[in-house]
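The values are calculated or read from the model by the stated rules, or taken from the named source; none is laboratory data. Treat the numbers as computed from the prediction; the structure is a model and nothing was measured. FYI the Cβ positions are ideal-geometry reconstructions off the backbone, even for glycines, and counts take in every protein chain you see.
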Amino acid sequence: MNTPTNNTPRITIFDTTLRDGEQSPGCSMTPPQKLVMARALAELGVDVIETGFPASSQSDRDAMALIGREVRQPVLAVLSRCLAGDIETSVKALEAAARPRLHVFLSTSPLHREHKLRMSREQVLESVHRHVSMARGYLDDIEFSAEDATRTELDFLTEVAQVAIAAGASTINLPDTVGFTTPEEIRAMFQHVIANAAGADKVVFSTHCHNDLGLAVANSLAAIEGGARQVEGSINGIGERAGNCALEEIAMVLKVRNAFYNNFDTGFDTRRIVPTSQLLQRLVGMPVQRNKAIVGANAFAHESGIHQHGMLRNRNTYEIMRPEDVGWESSQMVLGRHSGRAAVEARLRALGYLLEEEELKLVFEQFKALCEQQRVVTDADLQTLMQGTSSSD
Ligand code: KIV
Ligand code: ZN
C-alpha cells in the first residue's frame, strides 16, 4: 500500500463495512461471510479493512482470526475502547494479521463527556495518552478516533489530537459520529486541527462521516479539502442508523471529478464496485434502493424519450461515467410511458426487426397503448407485439 502523507495525491480508503457497517440493524455477518466480503474488499483495492470489535463478541474475534489468515495484502484493523482489557483482547485478535492496525477511540464532545463517560476534559486527555501509549507498546500502526469530534470544542479537539500524536498514534480520525456537521464546518475543523496540533504533519488525518442528514459523502469530500487523507466508510453506505459514507461514491467522485479534486486517487479497481456491492447485498439480505448512486439498478437506466434520444446519439449527453467502469454490463434503455420512437426503433432493431416508417408508426402506437397498462415494456412484450403486427398483415 502507498502510505500517504498529507502531501501525496493518494487517499487511503479505510473500509468499515465489517465493523460499523455490520452495526447496521439487520446486517450482521458470520465469520465465514465476513471472510468472503474481506476477500472482495481486498480485490476492490481498499487499503484498510476494519474487521470488527473483538472485545464485543467471540464472533468478531473468530472473524478477525479467519480474515487474518486469508487476507494478507490490506492492513487489517480492529476497534477498541480506551480500556486496557479491550486493547489486550484486540492485540491478541490481531496476531493473525500480516499488517495489523489497532484502532482506539474515545468520545471527546461535551455531551458525551458529561452524559456517557462522566469524565472531565483532563480525564479524557489522560485516558487518550495512557491507552494510545499502551496500544503503541504492542503495535506500530495505531489509529486514534475522537468520537463525536464534530460536536467537540475545537481547542479541546486539537489538544486531544496532539496528545494522541505524542502518544504514538499515526492516524488521527475525526469522526462525524452522528452525521451532524456540514461541508463548510468539517473542512474548517480539519484545517484548524491540522494547522494547530503539534506533530500533525507527521500523521495521516482521517474522516469518518455518518449519513443522518444525507451529507456523509459531501462531508467526507470537504474533509479531504480540509486536509484529511484517509476516508472511512462502507460499501453501499451501510452502518449505524442512516449509515456511513458510501465508499463507491467517494471512489467515483474522485475519479469522475479528478481534476477538481487534485488528482487524488483511491486505488480502487472501480470495475469491481458493482460486484462487491451486490455481494454485500446478498450476504446481509439488504438490497440498495433502485436510485442509489453508482450501484442502484436505475443508476444507468434511461426512460424518457428525450434522454434516450440523446443517449442514442452520444452517451455523454446523459451519462457522466461509463457503466462498464463501475462493473455494470451496459446502460439500460428502459421502455415505458416516457420513451420515444427512436428508443423503440433502436430496441426493435437490436431484436432483429428493421421496420419501414409506416410500420414503425403503427407499432409505436401499439407500444404507447401497452404503456397505459404496464409500467415497463420488455423485449418479450415487443416480440409479442411484433408477432401480433405480422399476423394481422
Ligand atoms: O462513528 C464513530 O464515531 C465511530 C468511531 C468508533 C470511529 O464509528
Ligand atoms: Zn461510525
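Residues are listed down the side, and each one gets a yes or a no for (1) under 28 Å from the mean Cα position of the chain (by Cα); (2) outside any loop (DSSP other than H, G, I, E, B); (3) among the aromatic types (Phe, Trp, Tyr):
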| position | (1), (2), (3) |
| --- | --- |
| Arg72 | yes, no, no |
| Ser80 | yes, yes, no |
| Ser90 | yes, yes, no |
| Ala93 | yes, yes, no |
| His103 | yes, yes, no |
| Met119 | no, no, no |
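Output yes when any residue across region 261-272 is closer than 30 Å to Ala200 by Cβ and within 16 Å of ligand 2 (Cβ to nearest atom), and no when none is. No, that holds for no residue.
Scanning region 205-225 for residues that are surrounded by fewer than 23 Cβ atoms within 10 Å (Cβ to Cβ) and in contact with a Lys or Arg (Cβ under 7 Å, 6 or more places away or on another chain) gives Phe205, Asp212, Glu225. Inside region 115-172, residues that are in contact with a Pro (Cβ under 9 Å, 6 or more places away or on another chain), closer than 25 Å to Thr16 by Cα and hydrophobic (A, V, I, L, M, F, W, C) make up a count of 3. Looking across Val46, Val78, Val36, Val71, one residue alone is touching a Leu at 6+ places or on another chain (Cβ under 9 Å) and within 16 Å of ligand 2 (Cβ to nearest atom). It is Val78.
Each row is one residue, and each column tells you yes or no for (1) among the β-branched types (Val, Ile, Thr); (2) on the phi < 0 side of the Ramachandran plot; (3) modelled with pLDDT of 95 or more.
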{"position": "Thr8", "(1), (2), (3)": "yes, yes, no"}
{"position": "Leu18", "(1), (2), (3)": "no, yes, yes"}
{"position": "Ser24", "(1), (2), (3)": "no, yes, no"}
{"position": "Pro32", "(1), (2), (3)": "no, yes, yes"}
{"position": "Asp62", "(1), (2), (3)": "no, yes, yes"}
{"position": "Gly68", "(1), (2), (3)": "no, yes, yes"}
{"position": "Val71", "(1), (2), (3)": "yes, yes, yes"}
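Within region 216-245, the set of residues being within 14 Å of ligand 1 (Cβ to nearest atom), under 28 Å from Gly26 (Cβ atoms), more than 10 Å from the chain's Cα centre (by Cα) and in a helix (DSSP H, G or I) comprises Asn219, Ser220.
Can you pull out the residues in region 295-312 that are more than 22 Å from Thr378 (Cβ to Cβ) and outside any helix (DSSP H, G or I)? Matches in region 295-312: Val295 only. The set of residues from region 118-164 being buried (at least 24 other Cβ atoms within 10 Å of the Cβ) and either away from ligand 1 (no atom under 16 Å from the Cβ) or farther than 27 Å from Asn244 by Cβ (or both) is empty. Contact annotation: residue pairs with Cβ atoms under 6 Å, 6 or more positions apart or on different chains, pairing a residue in region 280-292 that is more than 21 Å from Pro31 (Cα to Cα) with a partner that is hydrophobic (A, V, I, L, M, F, W, C) and in a loop (DSSP other than H, G, I, E, B), are Val288/Val295; Arg290/Ala297. Does any residue of region 331-340 turn out to be closer than 30 Å to Glu248 by Cα, among the small types (Gly, Ala, Ser), under 32 Å from the mean Cα position of the chain (by Cα) and loosely packed, with under 13 Cβ neighbours inside 10 Å? Checked region 331-340: no residue is closer than 30 Å to Glu248 by Cα, among the small types (Gly, Ala, Ser), under 32 Å from the mean Cα position of the chain (by Cα) and loosely packed, with under 13 Cβ neighbours inside 10 Å. Which count do you get for residues in region 313-347 that are in a loop (DSSP other than H, G, I, E, B) and among the charged types (D, E, K, R)? Within region 313-347, residues that are in a loop (DSSP other than H, G, I, E, B) and among the charged types (D, E, K, R) number 4. Evaluation of Asn291 against the conditions (1) modelled with pLDDT under 95; (2) surrounded by fewer than 16 Cβ atoms within 10 Å (Cβ to Cβ) shows that the sole unmet condition is (1). For region 374-393, filtered to residues that are loosely packed, with under 14 Cβ neighbours inside 10 Å and more than 39 Å from the chain's Cα centre (by Cα), the residue that is nearest to Asn314 (Cα to Cα) is Thr384. Close Cβ contacts (under 6 Å, 6 or more residues apart or on different chains) running from residues in region 206-224 that are more than 25 Å from Val104 (Cβ to Cβ) to residues that are part of a helix (DSSP H, G or I) comprise Val217/Glu249; Ala218/Pro183; Ala222/Pro183; Ala222/Ile186; Ala222/Arg187. Being of a type outside the set (Ser, Thr, Tyr), within 16 Å of ligand 2 (Cβ to nearest atom) and not in a loop (DSSP other than H, G, I, E, B) narrows it down to one of Phe180, Phe190, Phe156, Phe144, so name that one. Matching residue, one of Phe180, Phe190, Phe156, Phe144: Phe144. Return the residue satisfying two criteria in turn: it lies in region 47-104 and is farther than 17 Å from Thr171 by Cβ and acidic (Asp, Glu), and of such residues it is surrounded by the most Cβ atoms within 10 Å (Cβ to Cβ). The selected residue is Asp60.
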